[in-house]
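Below you'll find the structure, written out as structure tokens, and then a few comments.
Read the figures in this text as sums done on the coordinates, not as results from a lab. Not measured: the values here are computed from a predicted model. Because the Cβ atoms are built from the backbone with ideal geometry, glycine has one as well, and the counts that use them run over all protein chains shown.
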Amino acid sequence: MRLITFVELAPKKGIRYCRDHLRRKWNSDEFPRPVPLSNKRIAWDEAEIDAWISAKIHARDEKAAA
């Protein structure tokens, strides 16, 4: 398992949401929940981020095929 930090989300995965928007999205189950590393530091499982991106692509392709 590889963890990816907030700072890495934009350059590595193209996710350019601000911290508050990400928090709203994971609280509404629209984005993977982070893994707490300490009281003030979080990261995400890279595989969960990749699966979330793949699901977005699949949903787009399903919509285009309909």
**Request:** Scan segment 1-35 for residues that are surrounded by 14 or more Cβ atoms within 10 Å (Cβ to Cβ) and assigned to a helix (DSSP H, G or I) and jot them down.
**Result:** 6, 8, 9, 13, 22, 23, 25, 26
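Within segment 1-12, does at least one residue satisfy the condition of being of a type outside the set (A, V, I, L, M, F, W, C), out of contact with any strand residue (DSSP E or B) (no Cβ under 7 Å at 6 or more places or on another chain) and in contact (Cβ under 8 Å) with a residue 12 or more places away in the chain? Give the steps one after another, and end with the answer.
Here is the first cut: in segment 1-12, the residues of a type outside the set (A, V, I, L, M, F, W, C) are 2, 5, 8, 11-12.
From what is left, the residues that are out of contact with any strand residue (DSSP E or B) (no Cβ under 7 Å at 6 or more places or on another chain) are 2, 8, 11.
Adding the requirement that they be in contact (Cβ under 8 Å) with a residue 12 or more places away in the chain leaves 2.
So far as segment 1-12 goes, yes, one or more of its residues are of a type outside the set (A, V, I, L, M, F, W, C), out of contact with any strand residue (DSSP E or B) (no Cβ under 7 Å at 6 or more places or on another chain) and in contact (Cβ under 8 Å) with a residue 12 or more places away in the chain.
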**Request:** Please specify each residue of segment 39-56 satisfying the condition of being of a type outside the set (D, E, K, R) and surrounded by 10 or more Cβ atoms within 10 Å (Cβ to Cβ).
**Result:** 42, 43, 44, 47, 49, 51, 52, 53, 54, 55
**Message:** So the check is Cβ under 8 Å with 6+ separation or different chains; which pairs have a first residue in segment 26-52 that's closer than 19 Å to residue 12 by Cα and a second one that's surrounded by 15 or more Cβ atoms within 10 Å (Cβ to Cβ) and of a type in the set (Asp, Glu)?
**Reply:** 32/45; 32/48; 35/45
